[in-house]
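To keep things clear, I will list the structure first and then write my remarks on it.
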Amino acid sequence: MSDVKKNRIEYLRAIYTKAKEHDPVIPISIRFGLSKYGKLVDGLVELNENESGGYMIGETLGLTKTEVDAIVIHYCSLERQYLSSGLGMRMVGITQRGIDYLEHLDEQPESATAFTSNVINISGVENSAFQFQQGTEGSSQQQHAEISTNDFNKFCELIETDLKSAKITEAIKTEILEELEYAKKQHTRKRPIVEQLKNIGVFINKIGIGVFTSLASSPLFEIIKPHIGLD
């Protein structure tokens, strides 16, 4: 594994660890500042965690601000989305996809630097955290049949309706909507959306189905459950 890739993974893991310290239940709701100058307090620069936490985490790993910026840009790319950023890259936080990616890495043998040949990328994206295995005895991983276009569109409508009145943080709403938007793009391109649906299901499971009243009360819910991992 190259030093660059190792630094990326270590930074991602450090962001996740720090986020869990702040919110063990929903770490994806935590954001760390990426201000290079910090907050002005009485004419002095105060490098507090809220303003420069993203860089402070990098410093503990021996990373410069420039290196942190490069990692954030790399992991915020559409192909990965392991980190999310906002306000002109003034803050950063881990996504559910990033957590799943780290968990996938933890499941691999220490000597493994790449996925073995019997692992297939469902999304076709290199280093995707979502794969299924073929020809592996005892493997419990499986891929559900694709959801129909009508059911998918209705699912999106129900989620968007529920989020309008959901009493959850704006950061969580943004994460779900971004995942939903990415799923829409993938579906339009006729690409698999297995991983996106599973990610949304993780949010629903952690937040509680009671928040998603429109979805829960719809006949579609029983149809969609296997696709979002709630069966």
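We did not get these values from a lab; they are worked out from the coordinates using the rules stated. Just so we're clear, the structure is a prediction, and the values are computed from it rather than from any experiment. Methodologically, a virtual Cβ is constructed for each residue, glycine included, from the backbone with ideal geometry; neighbour enumeration extends over all protein chains shown.
For the pair residue 157/residue 70, report the inter-label distance in nm, with labels modelled 7 Å from Cα in the Cβ direction.
4.8
Just subtract the alpha-carbon distance of residue 185 and residue 107 from 0.36 nm times their residue separation and send over the number in nm, one decimal. Intermediate values should be presented prior to the final figure.
Details: separation 78, 0.36 × 78 = 28.08 nm, distance 2.97 nm.
25.1 nm is the gain from fully extending residue 185 to residue 107.
Report the extension gain between residue 166 and residue 21 in nm, rounded to one decimal, defined as 0.36 nm multiplied by the number of residues separating them, less their alpha carbon distance.
Details: separation 145, 0.36 × 145 = 52.20 nm, distance 2.47 nm.
Roughly 49.7 nm would be gained on extension.
Apply the Karplus curve 6.51 cos²θ - 1.76 cosθ + 1.60, θ = phi - 60°, to the phi angles in the stretch 191-207 and return the couplings in whole Hz, x for Gly and Pro.
Karplus-based 3J(HN,Hα) across the stretch 191-207 equals 9, x, 10, 4, 5, 5, 5, 5, 4, 5, x, 4, 4, 4, 5, 6, 6 Hz.
With Cβ to Cβ distances under 13 Å as the rule, what net charge do the other residues near residue 202 carry (K, R +1; D, E -1)? It would help to have the intermediate numbers written out before the result.
Values: positive: 97, 198, 206; negative: 100, 103, 175, 179, 195.
Spelling it out: positives minus negatives among the neighbours equals -2.
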